[in-house]
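The values are calculated or read from the model by the stated rules, or taken from the named source; none is laboratory data. None of the values given here were measured: they were computed from a predicted structure. Quick reminder, even Gly has a Cβ in these numbers, built from the backbone with ideal geometry, and neighbours come from all protein chains shown. Calculation scope for accessible area: heavy atoms of the full protein, side chains included, ligands and nucleic acids excluded. Shrake-Rupley method; radii C 1.70, N 1.55, O 1.52, S 1.80 Å.
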Amino acid sequence: KNTPKTKDKGNIVKNTLVDSQSNETSNMDFDDGIDELEEGGDVGDELMFGLDAEGGGGSSWSSMKDSVIFLVDCRSSMVQINAETGESFFAEVLRAASSFMKTKIITSDNDRIAIVLYNTETSKNPQSFDNIYILQDLDMPDAERIQELERYVKGD
């Protein structure tokens, strides 16, 4: 897994990616890209998306995985019914998370997603924090996880 680390060296900001399996690092010097832009150059896609000059994935940025954590506020107003949709706000959030998972399965199935509820009456988390309930651990999306969310939406 690549872990971004930011280093500030005066007015130069470097972003270093560390591959935790091989311990290799790759640097992307944002100051170089800014200098090139100031000189009339075009680094657009290269700077933004980690592409090499030929448009290929020359940088580790292109191979990074996403980890998304849905933090859902569970205060009492979240169970109220939205007059426009006829569903509770909580159900709408879970439906959005389910839709997001479906999209991730198609577009990038190696990404990880978690759903964490806070302001809950019960707690379920490894650190035993009060009022925090981990509904789904950080893991890759799959049909079982999506079906679980849909059962919550239906109130099963």
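Yes/no matrix, rows are residues, columns are (1) at pLDDT below 90; (2) assigned to a helix (DSSP H, G or I); (3) within 14 Å of Val153 (Cα to Cα):
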{"site": "Gly55", "(1), (2), (3)": "yes, no, no"}
{"site": "Trp61", "(1), (2), (3)": "yes, yes, no"}
{"site": "Phe90", "(1), (2), (3)": "no, yes, yes"}
{"site": "Leu94", "(1), (2), (3)": "no, yes, yes"}
{"site": "Ser99", "(1), (2), (3)": "no, yes, yes"}
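Within the range 77-84, can one find any residue that is surrounded by 13 or more Cβ atoms within 10 Å (Cβ to Cβ) and in a helix (DSSP H, G or I)? Yes: the range 77-84 contains one or more residues that are surrounded by 13 or more Cβ atoms within 10 Å (Cβ to Cβ) and in a helix (DSSP H, G or I).
Of the residues that sit in the range 101-135 and are open to solvent by 90 Å² or more (accessible area, probe 1.4 Å) and hydrophobic (A, V, I, L, M, F, W, C), which one is modelled with the lowest pLDDT? Once the filter is applied, the top-ranked residue is Ile106. Would you please name the residue that is surrounded by the most Cβ atoms within 10 Å (Cβ to Cβ), looking only at residues in the range 136-153 that are within 10 Å of Arg112 (Cβ to Cβ) and touching a residue at least 40 places away in the same chain (Cβ under 8 Å)? Here the residue is Pro141. Tell me, please, whether a residue that is within 22 Å of Ile81 (Cα to Cα) and among the acidic types (Asp, Glu) can be found in the range 130-138. Within the range 130-138 (the criterion being within 22 Å of Ile81 (Cα to Cα) and among the acidic types (Asp, Glu)), the answer is no, since none of the residues qualifies. Taken as a whole, the condition of being hydroxyl-bearing (Ser, Thr, Tyr) and part of a loop (DSSP other than H, G, I, E, B) applies to Thr122.
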